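Peer 1: Please see the structure below; I have some questions.
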Amino acid sequence: MKKIASFTVDHDKVGKGMFISRIDGDVITYDVRMKLPNGGDYIPYAAAHTIEHLFATYARNSGVADEVIYVGPMGCRTGFYFLTRDRVSAEEAIATVYESMRFIASFEGDIPGVSRKECGNYLEHDLAAAKDVAADMAEVLKDWNKEKLNY
């Protein structure tokens, strides 16, 4: 089988940040790397689940909502994928992720979509841990720009 693109990235050289992982036609996949690969510190499952609910909710209600295709966690628990149409500029994508992280870091109240009817694992959430991860990532992204989007 052909090796997929994400397995060709040298994970020993990837730091925290936001990178263009791939471009497929009009779809841009961003790698939102919140933890160092193979660093021993990973996003806890419950925190990742909460980040997923809040990140997706924010992005799908943002100014680029109609161009967001997917927001979801990486299986390795070091970050998230953020997929948009190419009509979203690099600056808009960075701003959306940055503002999403700030939203999560300051979030108070009921996590969206957390009921038995709305979620397949509604009991596994950790808002406090999600807020910590998001606050750290917001700090990483506060001065991010399109020149930094390459691995």
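Peer 1: From (1) farther than 21 Å from Asn38 by Cα; (2) free of Cβ contacts under 8 Å to residues at least 24 places away in the same chain; (3) not charged (D, E, K, R), pick out the condition that doesn't hold for Gly72.
Peer 2: Unmet for Gly72, out of (1) farther than 21 Å from Asn38 by Cα; (2) free of Cβ contacts under 8 Å to residues at least 24 places away in the same chain; (3) not charged (D, E, K, R): (1).
Peer 1: On to the next question. Looking at the structure I just gave you, is Ala105 surrounded by 15 or more Cβ atoms within 10 Å (Cβ to Cβ), within 18 Å of the chain's Cα centre (by Cα), among the small types (Gly, Ala, Ser) and over 30 Å from Asp26 (Cβ atoms)?
Peer 2: So Ala105 fits the description; yes.
Peer 1: Can you work out which of the residues in region 52-78 that are assigned to a strand (DSSP E or B) and of a type in the set (Val, Ile, Thr) is nearest to Asn121 (Cα to Cα)?
Peer 2: Val71
Peer 1: Among the residues of region 96-114, is any in contact (Cβ under 8 Å) with a residue 60 or more places away in the chain and of a type in the set (S, T, N, Q)?
Peer 2: Scanning region 96-114 turns up no residue that is in contact (Cβ under 8 Å) with a residue 60 or more places away in the chain and of a type in the set (S, T, N, Q).
Peer 1: Tell me the residue from Ala138, Ala130, Ala90, Ala134 that is surrounded by 15 or more Cβ atoms within 10 Å (Cβ to Cβ) and farther than 22 Å from Tyr42 by Cα, please.
Peer 2: Criteria check complete, one pass: Ala90.
Peer 1: Further question: Do the conditions hold for Ala135, that is, is it aliphatic (A, V, I, L, M) and without any contact (Cβ under 8 Å) to a residue 40 or more places away in the chain?
Peer 2: yes
Residues are listed down the side, and each one gets a yes or a no for (1) under 20 Å from Asp126 (Cβ atoms); (2) without any contact (Cβ under 8 Å) to a residue 24 or more places away in the chain; (3) within 15 Å of the chain's Cα centre (by Cα):
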site: Thr8; (1), (2), (3): no, yes, no
site: Tyr30; (1), (2), (3): no, no, yes
site: Phe80; (1), (2), (3): yes, no, yes
site: Leu83; (1), (2), (3): no, no, yes
site: Ala93; (1), (2), (3): no, no, yes
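Peer 1: Quick test for you: out of Ser100, Ser115, pick the one residue that is of a type in the set (S, T, N, Q) and surrounded by fewer than 22 Cβ atoms within 10 Å (Cβ to Cβ).
Peer 2: None of the others qualify; the one that does is Ser115.
FYI, it's all coordinate maths here, none of it is from the lab. Here the structure is a predicted model, which means the values were calculated and not measured. In this analysis, Cβ positions are derived from the backbone assuming ideal geometry, glycine residues included, and neighbour counts consider all displayed protein chains.
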